[in-house]
Amino acid sequence: MNLTESIGAGARDMVANKTRGLITMVGIILGVASVVTVLALMRGGEEQTQAFFEELGGLKELRITNTWSDRVFMSAAERASERLTYRDAQAILDECPSVATVDPEITRWLTVSYRDKTFTMKVLGTNRHYPYADDMPVERGRFISDADCETYANVAMIGPTYVEDLFGEEDPMGEEVTIEGIPFTIVGVMQKKEFYFQGGGGPSPDRNVLEWFNRSLYIPITTMIKRYTVDDRLGGLEISAKSVELVPQLTEEVRTLLTRRHGVEDFRIDSKSERIQQQAEQMVFFNIIFWAVAFVSLFVGGVVIANIMLASITERVREIGVRKAIGAGDRDLFLQFLVEAIVVTALGGAIGLLMGVGMVQIIDRFLDMPTAVTPTIFLIAFLCSVGVGLVFGLFPALRAARLSPVEALRYE
């Protein structure tokens, strides 16, 4: 009996014993559905995290912040350091060959007025690199230019939420607002920035994790330093590498430069790729639980298959004896029962894939959790089902193959 005949014999036995075949498949169906659901949830979470960081400038970006320690334990170098300054930003741009953009930031909450409306608003002093560092497209007009910074220009770029607060339905372009009594001309409007984590209750301003971009007024950083601060110390600094591959090199270049300028390492450099890795490490525990549930489901399905196959062999002992008596070899019987187990699990796996997709859609629709089903997930789940059939079908197939024809024919 060749492989094709073995498959045919296994399929005919399944058709003849539909109830047994269905019971055998139930465990595999549930196990494969669990695998699809688990992988879809894991992949959906990864894609959502990736999309979020892409909205913040992508994996090429580095964030530099000041670090502080108790003044009682500060060294002389730490006391003397000015921390991050606008001059540091200029030095990074001039001396680090791997850098593409440098976005220095000074933030203040200032009184902003337009006609009879007055609000306390977030005003951010920055430069022309800001839209590129944080992926902030300009909707109308222009952003701050090098010329604006060089001339300490009183110009401002405004976020869309602040447009609604100050101007309502009016066009803000070219209008004049006052910041702490000083007039500024609106030269551009930023495009609305939005990102909603699934499970957050749906789109609304208070659920938009990037709403703070929309609630900002942007002015040249030199104007901010000249009019609203006493020095050029920065609240933070965002830079981007020329490519993702250059991020480690840029990190070392910046660390060396700033340590030399400050006399001490009183700053912290964070990369988006490191943050993604940290988040993935935090999710390891939950992923292990998910995989354990899927594994247990498949294992139970495999045990069910082995038990039912052994019961089937017991019922078919005389049939096995007759087949051996007329010339069927051990290999023929081994292949028939092993193929039967694999066919059952493959069919159960196919049904499990469909059930898994249905479960993923239910989770996505009613629980509002991020999911993503890919061809790779289908392949992994299907191979798991076939693997279970192969592993748990070996012992029953070997038992059938090793039966003595004489004892099998005597079996009652």
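Positive-end ranking of TYR218, THR374, GLY301 along the dipole of the chain, with charges on Cβ about the Cα centre, is headed by GLY301. Taking label points 7 Å from Cα along the Cα-to-Cβ direction, THR229 and LEU22 give a separation of 7.3 nm. Per residue, the average separation of C-alpha pairs within less than 8 Å and at least 6 apart gives the chain a relative contact order of 30 percent. Full extension of the chain between GLU180 and PHE286 gives 33.1 nm of extra length, using 0.36 nm per residue less the Cα-Cα distance. Each residue of segment 350-365 was assigned a 3J(HN,Hα) from its phi angle through the Karplus curve 6.51 cos²θ - 1.76 cosθ + 1.60 (θ = phi - 60°); the sequence is 4, 5, x, 4, 5, 5, x, 4, x, 5, 5, 5, 5, 4, 5, 7 Hz, with glycine and proline shown as x. For every helix of n ≥ 4 consecutive DSSP H residues, a contribution of -39,500 (n - 2.57) applies; sum these over the chain, divide by its total residues, and give [θ] at 222 nm rounded to the nearest 500 deg cm²/dmol. Taking each H run of at least 4 residues, the total per residue is -18000 deg cm²/dmol.
Rounded to whole numbers, the Karplus 3J(HN,Hα) couplings from phi for segment 294-299 are 5, 5, 4, 4, 5, 4 Hz, using 6.51 cos²θ - 1.76 cosθ + 1.60 with θ = phi - 60°, and x at Gly and Pro. Given the pairs LYS122/LYS192; LYS122/LYS272; LYS60/LYS226, which span a C-alpha to C-alpha distance of over 27 angstrom in this model? Table pairs above 27 Å Cα-Cα are LYS60/LYS226. Near TYR132: Cβ cut-off under 13 Å, other residues only, Lys/Arg at +1 and Asp/Glu at -1. The net charge is -2. Shown in residue order for segment 79-84 are the 3J(HN,Hα) couplings computed by the Karplus curve 6.51 cos²θ - 1.76 cosθ + 1.60 at θ = phi - 60°: 5, 7, 5, 8, 6, 5 Hz (x for Gly and Pro). Of the GluC sites (Glu not before Pro) in segment 206-269, the ones in a loop by DSSP (not H, G, I, E or B) with at most 16 other beta carbons within 10 Å are GLU265.
Give me the distance between the Cα centres of segment 150-196 and segment 342-371, rounded to whole Å. Between the Cα centres of segment 150-196 and segment 342-371 lies a distance of 49 Å. What the Kirkwood sum gives for segment 68-265 is a hydrodynamic radius of 18.3 Å, with every pair of different alpha carbons counted. Ordered by the count of other Cβ atoms within 10 Å of each Cβ, fewest first, CYS384, CYS96 give CYS96, CYS384. Proximity of backbone amide H atoms, modeled 1.01 Å from N, is registered between ALA328 and no other residue at under 5 Å, excluding neighbours fewer than 5 places apart on the same chain. In the calculated pair distance distribution of the chain, what percentage of Cα-Cα distances lie above 36 Å? So the pairs more than 36 Å apart make up 51 percent of the total in the chain.
Ranked for footprinting exposure by Cβ neighbours inside 10 Å, fewest first, ARG79, ARG140 give ARG79, ARG140. How far apart, in nanometres, would the label points at GLU150 and PHE299 be if each is projected 7 angstrom from Cα along the Cα-to-Cβ direction? Calculated label separation equals 7.0 nm. Excluding same-chain neighbours fewer than eight residues apart, the aspartates and glutamates reachable from LYS117 by a Cα-Cα span under 16 Å are GLU164, ASP165, GLU169, GLU170, ASP171, GLU175, GLU176, GLU180.
Readers should treat all values here as calculations from the given coordinates under stated rules, not as data from a laboratory. Since the structure is predicted, the reported quantities are computational estimates derived from the model, not experimental observations. Cβ: placed from backbone, ideal geometry, glycine included. Neighbour counts: every protein chain shown.
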